[in-house]
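Inspection log for the structure reproduced underneath, given as structure tokens.
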Amino acid sequence: MQDNAPRHQDGSAGDANYGAIGEGYANFRQPDPRIAELIEAALGEARTILNVGAGAGSYEPVDRTVTPIEPSQSMRAQRPAHLPAAIDAVAEKLPFEDGSFGAAMSTFSVHQWKNLNAGLREMRRVTRGPIAIMTCDPNELDRFWLHAYCPEVIAVEAVRYPAIADIAAALGGTTDVLPVPIPLDCTDGFNEAYYGRPEMLLDPAARLACSAWSFVSEDVVRRFEDRLGDDLASGRWNAHHGHYRQQPTFAGSLKLIVNRI
């Protein structure tokens with residue numbers, strides 16, 4: 001992919017159009033401090049960090065020098081004032097010299113890239129130290145109860161998220177795959193973050209902050225809303241899944257991939 005390859009109107013370079021769905025993203029996708037600790041530990045002692053697919057700035061360390069890359073104008077506009085402005089560029093063509101950064105990171109982004117291998121090779125080219133990538137394992141998405149209520153969304157995610165082994169192979173070197181426990185009160189509103197708060201997924205704005213919902217039809221969404229709404233009202237959801245309301249963490253599909261040379 002070249003930097004002048006076709007993009008959405010707002011500059012989004014992946015399959016999701018954040019000009020259409022990203023306006024309220026930052027209202028629901030706030031970095032969770034417990035997940036942030038895992039990412040910061042993975043970055044080691046590096047002082048210069050590249051963040052690829054940086055979005056609104058979630059999980060960027062504030063005590064290091066971060067260079068964010070984000071092609072979507074809508075997402076760049078939502079970055080808070082205390083974070084550095086993001087550079088309009090794509091993962092597959094990073095505008096930096098070899099070994100420019102002590103570490104690199106990417107969170108909930110690799111499934112958006114048009115050429116995964118090219119983007120990962122670019123990250124490794126410009127990074128001297130560890131690379132931390134937070135993503136979901138497509139083989140473990142069906143652990144979440146949403147699979148029973150809207151299998152279409154899970155199917156969309158399973159196709160979009162790259163296999164963990166493919167990410168590791170493209171990066172080379174040594175790779176560790178760490179499970180990321182999802183807290184019950186997780187402040188980062190991806191789908192699995194609501195494992196114990198099912199009512200949140202009846203909020204269209206909360207769903208809009210999870211790009212998979214933009215790939216299913218309105219009929220599918222209505223069926224999901226009707227079924228989940230009915231089951232919550234009748235107590236059926238609680239009968240089958242109510243234990244999640246008190247479960248401190250959920251071991252879902254979320255993984256932190258840590259790569260070292």
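What to note about this one:
- Tally of residues being closer than 24 Å to Gly55 by Cα, surrounded by fewer than 18 Cβ atoms within 10 Å (Cβ to Cβ) and of a type in the set (Gly, Ala, Ser) across region 183-228: 2
- For the residues Phe28, Phe96, Phe101, the requirement of being at pLDDT 95 or above and either closer than 21 Å to Val180 by Cα or surrounded by 20 or more Cβ atoms within 10 Å (Cβ to Cβ) (or both) singles out Phe101.
- In the set (1) in contact with a strand residue (DSSP E or B) (Cβ under 9 Å, 6 or more places away or on another chain); (2) crowded, with 18+ Cβ neighbours inside 10 Å; (3) of a type in the set (A, V, I, L, M, F, W, C); (4) touching a residue at least 24 places away in the same chain (Cβ under 8 Å), the condition left unmet by Leu116 is number (1).
- A search for C-beta distances below 6 Å between a residue of region 83-99 that is of a type in the set (Gly, Ala, Ser) and any residue that is modelled with pLDDT of 95 or more and surrounded by fewer than 16 Cβ atoms within 10 Å (Cβ to Cβ), counting only pairs 6+ apart in sequence or on different chains, returns Ala89/Pro95; Gly99/Arg128.
- Residue match in region 75-92 (condition: assigned to a strand (DSSP E or B), closer than 21 Å to Ala36 by Cβ and out of contact with any Ser or Thr (no Cβ under 7 Å at 6 or more places or on another chain)): no
- For region 125-145, the set of residues classified as in contact with an Asp or Glu (Cβ under 8 Å, 6 or more places away or on another chain) and crowded, with 18+ Cβ neighbours inside 10 Å consists of Val126, Cys136, Pro138, Leu141, Phe144, listed by residue number.
- Within region 93-114, considering residues that are part of a loop (DSSP other than H, G, I, E, B) and polar (S, T, N, Q), the one farthest from Ala212 (Cα to Cα): Ser100
- Among the residues listed as Asn238, Asn259, the single one being surrounded by 14 or more Cβ atoms within 10 Å (Cβ to Cβ), closer than 28 Å to Ala104 by Cβ and among the polar types (S, T, N, Q): Asn259
- Qualifying residue in region 74-90 (condition: touching a helix residue (DSSP H, G or I) at 6+ places or on another chain (Cβ under 7 Å), at pLDDT below 95 and among the polar types (S, T, N, Q)): yes
- From Asp142, Asp166, Asp188, Asp203, residue being within 15 Å of the chain's Cα centre (by Cα), at pLDDT 95 or above and not basic (Lys, Arg): Asp188
- Within region 152-177, being of a type outside the set (Asp, Glu), under 20 Å from Phe215 (Cα atoms) and surrounded by 15 or more Cβ atoms within 10 Å (Cβ to Cβ) holds for Val153, Ile154, Ala155, Val156, Ala158, Arg160, Tyr161, Pro162.
- Scope region 41-57; condition farther than 24 Å from Glu97 by Cα and modelled with pLDDT of 95 or more; matching residues: Ala41
The values are calculated or read from the model by the stated rules, or taken from the named source; none is laboratory data. Quick caveat, the model's predicted, so the values are computed rather than measured. No Cβ is skipped: glycine too gets one built from the backbone with ideal geometry, and neighbour counts run over all protein chains shown.
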